[in-house]
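Chemist: Okay, handing you the structure first.
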Amino acid sequence: GIRVWRAAEEVIAALTDAGWEAVYVGGGVRDLLLGRGAKDVDIATAAPPEAVMKVFPEAVPTGLAFGTVTIPRQGIGVEVTTYRREGGYRDRRRPSQVEYTPKLEEDLGRRDFTINAMAMSRGFRLIDPFGGLEDLLAGQIRAVGDPAQRFAEDALRMVRALRLAAELSFDLDPSVVLALNKQVKDVRYVAVERVLGEWRRLVVGDVDKVARELAACGFLEWWTGMPVGRDRGLQVAAVWGRACRRLPRDSALRTGVLLWMLGCTRQHAAAMTKAWRASRLFQRDVITWWEACHFDPLRAEPGDWARWLYHLGRERAEMGLRVVQAVRGYGEEEEMASREAFRRAVEAQPLWDRRDFATEFETLCRAAHIPPGPLWGEAERALREALLNGQVANDPRALGEYLAHWVRGRRKME
Ligand code: ATP
Ligand code: MG
């Protein structure tokens, strides 16, 4: 918000007072023009990093190799990067060297897309040598220069193009689409974490806007490891895009839904998220939502409802309903019927959490003389299943009796 701009303004003022040219650049300028609140505003300057460090003794050299230092201001870290052009690229990844330049235009020329290649002076004069404003007004993602060449330099830019289009609800320029179709295979040379980062932002955006291109260029097949073929890929992507309009903006949720729609097995979905080097939490959530999709609210028995609700947990139950409604493409009537069934199931839900047994589980086990150890885990599962299936009521006596009965049966088996 405005605090970010206030902090950045202070930094520009100090640099200008020291005699250095300094401007706002990149995403911050783009977002300001779009009327979107900026998370951060980057500053570019003609001053070399050492000179920036001199103006701000408190500066932190956060990315000195790339000419970036961070200046703490009003609790915000303002990034200042020296104007640079980028030297030769190797293996379609990062520039092999960084060269500084005193010319702002060269710095803007190395940036990926025209809407990201605008600068603004302290007096809010726009510096826009590549027609970024025009593309911003037209809602277009266009490369700075020849997209084929820019994507050959850095294949991540292809994923960024798709992400920006989704995030801003913009169109990809036809030249970008063309290059994407030819070169998307090069994305495999990019560090998978970086692709995942873009992916997670893409899927919480306007997926519908890019669903077609995602599938048509082959990215979706490669990324999900599901060789579904072009036609089927396009079809699934379209359905997924439409479903996303009704889905919460949750990256794991939307990813899980996609994997389910593509016909992934649980094993495949787990292997894929692991291969993306996603966090444990993200991996787990994707699987949770993949699983949630299997549920059919109009056919489910009370026990199915109970298990499904338990699996999701109280906080996510409502979201779960929205997911199945969206993936099954429910119309108004089915939506109402499923909501009603949901309401009833929620009301009747015998158990939401393992901590919600009417008597503390340990107390129950001690009373039934079950020794601590692996048997407790088994007992807990049995008790939970019985509760969810409606075979036992969640009150202290019923639970105690059930467990005593269970352990007798268990001992007989041994
Ligand atoms: P946001 O902060 O919302 O992600 P952003 O545009 O600031 O948007 P960053 O990843 O922070 O995105 O990058 C800052 C700027 O650096 C971009 O606006 C763009 O000008 C440039 N940039 C980032 N990545 C690349 C890249 N791979 N190739 C060329 N320029 C890039
Ligand atoms: Mg940024």
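Chemist: Taking Gly131, is it surrounded by fewer than 18 Cβ atoms within 10 Å (Cβ to Cβ), within 12 Å of ligand 1 (Cβ to nearest atom) and over 20 Å from the mean Cα position of the chain (by Cα)?
Modeler: no
Chemist: Need the failing condition index for Asp107 against (1) exposed (fewer than 15 other Cβ atoms within 10 Å of the Cβ); (2) not in a strand (DSSP E or B), just the number.
Modeler: (1)
Chemist: Now for a different question. Any chance you could count how many residues in the stretch 32-69 are within 28 Å of the chain's Cα centre (by Cα) and farther than 18 Å from Tyr100 by Cβ?
Modeler: Qualifying residue count, the stretch 32-69: 10.
Chemist: Working only within the stretch 149-161, note down all residues that are open to solvent by 40 Å² or more (accessible area, probe 1.4 Å) and either in contact with an Asp or Glu (Cβ under 7 Å, 6 or more places away or on another chain) or farther than 14 Å from Gly109 by Cα (or both).
Modeler: Ala152, Arg160
Chemist: Sticking with this structure for a sec: Going through Arg212, Arg230, Arg188, Arg242 one at a time, which residue ends up being over 27 Å from Leu34 (Cβ atoms), basic (Lys, Arg) and touching a Gly at 6+ places or on another chain (Cβ under 9 Å)?
Modeler: One residue alone meets the criteria, Arg230.
Chemist: Would you be able to say whether some residue in the stretch 25-33 is away from ligand 1 (no atom under 11 Å from the Cβ) and of a type in the set (Gly, Ala, Ser)?
Modeler: no
Chemist: Being part of a loop (DSSP other than H, G, I, E, B), within 16 Å of ligand 1 (Cβ to nearest atom) and open to solvent by less than 20 Å² (accessible area, probe 1.4 Å) is the filter here, so list the residues in the stretch 34-60 that pass it.
Modeler: Hits for the stretch 34-60 are Ala38, Val41.
Chemist: Taking the residues in the stretch 145-182 that are touching a Pro at 6+ places or on another chain (Cβ under 9 Å) and in a loop (DSSP other than H, G, I, E, B) as candidates, determine which candidate is farthest from ligand 1 (Cβ to nearest atom).
Modeler: Per the criteria, the residue is Asp173.
Chemist: Also: Go through Val187, Val144, Val203 for me and flag whichever is crowded, with 19+ Cβ neighbours inside 10 Å and either of a type in the set (Ser, Thr, Tyr) or out of contact with any Ser or Thr (no Cβ under 7 Å at 6 or more places or on another chain) (or both).
Modeler: Just one listed residue meets the conditions, Val187.
Chemist: What do you reckon, is Gly139 modelled with pLDDT of 95 or more, among the small types (Gly, Ala, Ser), at positive phi and open to solvent by 40 Å² or more (accessible area, probe 1.4 Å)?
Modeler: Criteria not met by Gly139.
Chemist: Mind counting the residues in the stretch 320-354 that are exposed (fewer than 15 other Cβ atoms within 10 Å of the Cβ), among the small types (Gly, Ala, Ser) and assigned to a helix (DSSP H, G or I)?
Modeler: Residues in the stretch 320-354 being exposed (fewer than 15 other Cβ atoms within 10 Å of the Cβ), among the small types (Gly, Ala, Ser) and assigned to a helix (DSSP H, G or I): 2 in total.
Chemist: Mind checking whether some residue in the stretch 79-86 is under 26 Å from the mean Cα position of the chain (by Cα), within 30 Å of Ala138 (Cα to Cα) and within 15 Å of ligand 1 (Cβ to nearest atom)?
Modeler: yes
Chemist: For the stretch 314-362, name all the residues that are out of contact with any Pro (no Cβ under 6 Å at 6 or more places or on another chain) and polar (S, T, N, Q).
Modeler: Gln325, Gln349, listed by residue number.
Chemist: Also, I was wondering about something else. The conditions are (1) under 13 Å from Tyr24 (Cβ atoms); (2) free of Cβ contacts under 8 Å to residues at least 24 places away in the same chain, and Met118 fails exactly one of them. Which is it?
Modeler: (2)
Chemist: Can you pull out the residues in the stretch 3-27 that are closer than 23 Å to Gly132 by Cα, more than 16 Å from ligand 2 (Cβ to nearest atom) and open to solvent by 20 Å² or more (accessible area, probe 1.4 Å)?
Modeler: The answer is Glu9, Glu21.
The values are calculated or read from the model by the stated rules, or taken from the named source; none is laboratory data. Just so you know, these numbers come straight off a predicted model, no measurement behind them. Don't worry about glycine lacking a Cβ; one is built from the backbone with ideal geometry, like all the others, and counts go over all protein chains shown. With ligands, DNA and RNA removed, areas are computed over all heavy atoms of the protein, side chains included. Shrake-Rupley method; radii C 1.70, N 1.55, O 1.52, S 1.80 Å.
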